[in-house]
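Presented below is the structure to which this report refers.
Any read-out appearing in this document is the output of simple, stated calculations on the displayed coordinates, not a laboratory observation. Quick caveat, the model's predicted, so the values are computed rather than measured. So basically every Cβ, Gly included, is an ideal-geometry build from the backbone, and we count neighbours across all protein chains shown.
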Amino acid sequence: MNAPDKLPSPLPSTTPASAEPHVMKTYGRLPVALSHGKGCWLWDTEGNKYLDGLGGIAVNTLGHAHPKLVPALTDQIGKIIHSSNYYLVPLQEKLAAKLTELSGLTNVFFCSTGLEANEAALKIARKYGHDKGIDRPEIVVYEAAFHGRSIATLSATGNPKVQAGFGPLVEGFVRVPLNDAAAIEKVAKTNSNVVAVFLEVIQGEGGIRPATIEYLKQVRRICDERGWLLMLDEVQCGMGRTGKWFAHQWAGILPDVMPMAKGLGSGVPVGAIVVGPRAKDVFGPGNHGTTFGGNPLAMRAGVETMRIVAEDRLIDNAAAVGERIRSGLQREWSGLKGVVEIRGQGLMLGIELDRPCGALLQRAADAGLLISVTADTVIRLLPPLIMTPAEGDEVVRILAPLVREFLNGK
Ligand SMILES: Cc1ncc(COP(=O)(O)O)c(C=O)c1O
């Protein structure tokens, strides 16, 4: 496509990625070691080329080696990487101003990962409750949700596999099914300890399952009536991926608390919790902190990512290329038994099959496409927002026959 077939590798060819005797086995990895990339293309240490349909799991907003990001980060590394939250960090204010302007919220705390942002949200909710005189605050969470791997965030997560072996879990969560209006109304009527609702606008790890616009509006209304915080986890679905800066903007609502991370730094770890008037004064001095969060390198990555996304109109691009991939796949598979549903928005797409499909990871890689499979049966696409229409067509060209053959038992 737009990139040459082979780039000179910056790394010498190494042994396969599976040969990692000293790395803890927390991931089932493909035997592929990626060494470098350009745009939406990646190369492994053996010189094989891949189209990036995964974006580092929704992280590489600007793809790889972006010509505007690389010089900015190089400049920053040459000035200062890390100072400390003991001192003013002007780039924090710059990124916070951008995030609040675009979200309509008011204040930001910076951290480094999604789970940290969610952990901060859970702490805000609890303290918000204590400040109101609720001694045992509870938070509404969802079936099939994913919020991270710390003890508190895995307790909020609605996936028994993630939780297995880590009990006792953190208490104080009330779990309901997504998009079930009656279930949350019932909690509102019967549980006076609830202080917040915590949900992903589009469940990512749970299989690309969107909250409906009506449901989001209903939850906003209930939160207002009850004085609860609406906390929307935009770690995966935020940062322009769905065709709006933040996925909840499709519903025309404002959250009180919005944790985000992943795509914010385009690969440099950046997390943030963006809050509105109801939550902004909950934490006081000494209530929360982090060593790395908000360091100048991370903040520069965030500032430049947001600048480039806006300058290059990547949000509109995500909407258009996402729709192109979706309609291309629909066309290719029309009448094909075994494709249950194509879900999602923009460049956050899930294709649910009628059977477990983890085997497709390797097959797709062999065919030159990186994808993910989540919730056992859902192929997930989260490519960089810079993906061109031609590259979107290439995703369809590679994926469509693979899935057809897989469903035909080949
Ligand atoms: C919606 C959501 N929240 C939180 C997390 C956790 O983020 P991290 O892996 O950066 O801790 C993830 C990660 O996949 C996520 O998808």
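Let's test the formula: R0 of 25 Å, r as the Cβ-Cβ distance of Asn191 and Asp376. What FRET efficiency results, to the nearest 0.05?
Efficiency for this residue pair is about 0.20.
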Within segment 315-343, whose backbone N sits under 18 Å from a point 7 Å along Cα→Cβ of Ala359? 337-340
FRET efficiency estimate (nearest 0.05) - Cβ-Cβ, Glu323 to Tyr87, R0 45 angstrom: 0.50
For segment 25-112, just list the percent of Cα-Cα distances falling in each 5 Å bin from zero outward, please. 3, 10, 14, 16, 18, 15, 12, 9, 3, 0
D_trans [Stokes-Einstein, Kirkwood Rh over alpha-carbon pairs] for segment 277-389, 4 °C, 1.567 mPa s, µm² s⁻¹: 75 µm²/s
With a cap of 14 neighbouring Cβ atoms within 10 Å, and only residues DSSP puts in a loop, list the trypsin sites (Lys or Arg not before Pro) found in segment 125-180. Lys132, Arg149
If each part is reduced to its alpha-carbon centroid, segment 79-96 and segment 163-177 end up apart, in Å, by 36 Å
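Around Phe283, what is the net charge, scoring Lys/Arg as +1 and Asp/Glu as -1 over all other residues with Cβ under 10 Å from its Cβ?
Details: positive: Lys123, Lys127, Lys280; negative: Asp281.
Here the count lands on +2.
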Over 24 Å (Cα to Cα) - which of Lys79/Lys280; Lys98/Lys244; Lys244/Lys337; Lys127/Lys262; Lys68/Lys244 fall in this group: Lys79/Lys280; Lys244/Lys337; Lys127/Lys262
So, with +1 on the Cβ of K and R and -1 on the Cβ of D and E, and no other charges, what is the size of the charge dipole of the chain about its Cα centre, to the nearest 20 debye? 140 debye
Could you run the Debye sum over the Cα atoms of the chain, one equal point scatterer each and no solvent, and tell me log10 of I(q)/I(0) at q = 0.07, 0.11 Å⁻¹, two decimals? -0.33, -0.83
Rounded if a/c under 1.5, otherwise prolate or oblate - segment 239-309, Cα gyration tensor axes: oblate
Under the rule rounded for a/c under 1.5, else prolate if a/b exceeds b/c, else oblate, using alpha carbon gyration tensor axes a ≥ b ≥ c, segment 81-189 is classed as prolate
Part-to-part distance (alpha-carbon centres) for segment 197-246 and segment 336-366, which is given in Å: 23 Å
Treating only the Cα positions of segment 341-384 as identical point scatterers, give the base-10 log of I(q)/I(0) from the Debye formula at each q in 0.15, 0.17, 0.22, 0.24 Å⁻¹. -0.34, -0.43, -0.70, -0.82
Once you charge only the Cβ atoms, +1 for Lys and Arg and -1 for Asp and Glu, what is the size of the charge dipole of segment 69-202 about its Cα centre, to the nearest 20 debye? 140 debye
Computed FRET value (nearest 0.05) for Lys410 with Ile151, which takes r as the C-beta separation and R₀ as 51 Å: 0.70
Full-stretch length increase - Ala181, Asp75 - with 0.36 nm per residue and alpha-carbon distance subtracted: 33.1 nm
Compute the long axis of helix 181-190 from its Cα atoms, compare it with the longest principal axis of the Cα atoms of the chain, and write down the angle in degrees, 0 to 90, nearest 10. 30 degrees
The answer for trypsin sites (Lys or Arg not before Pro) in segment 49-96 that fall in a DSSP coil and have at most 15 neighbouring Cβ atoms within 10 Å is Lys68
With point charges of +1 on the Cβ of Lys and Arg and -1 on the Cβ of Asp and Glu, referenced to the Cα centre of segment 16-130, which listed residue (Ser83, Leu30, Asn60) lies farthest in the positive direction of the dipole? Ser83
Count charges around Asn179 for me, please; just the other residues with Cβ under 11 Å from its Cβ, Lys/Arg as +1, Asp/Glu as -1. -2
In Å, the C-alpha Rg and Dmax of segment 145-292 are 15.4, 44
Asserting the computed 222 nm helical MRE of the chain (DSSP H runs at least 4 long, -39500 (n - 2.57) per run, divided by residue count, to nearest 500) equals -10500 deg cm²/dmol
Give me the one-decimal nm value for the distance between modelled label points at Met24 and Lys337, 7 Å along each residue's Cα-to-Cβ direction. 4.6 nm
Assuming 0.36 nm per residue, please report the length gained on full extension of the stretch Glu143 to Lys38 beyond their Cα-Cα distance. 34.0 nm
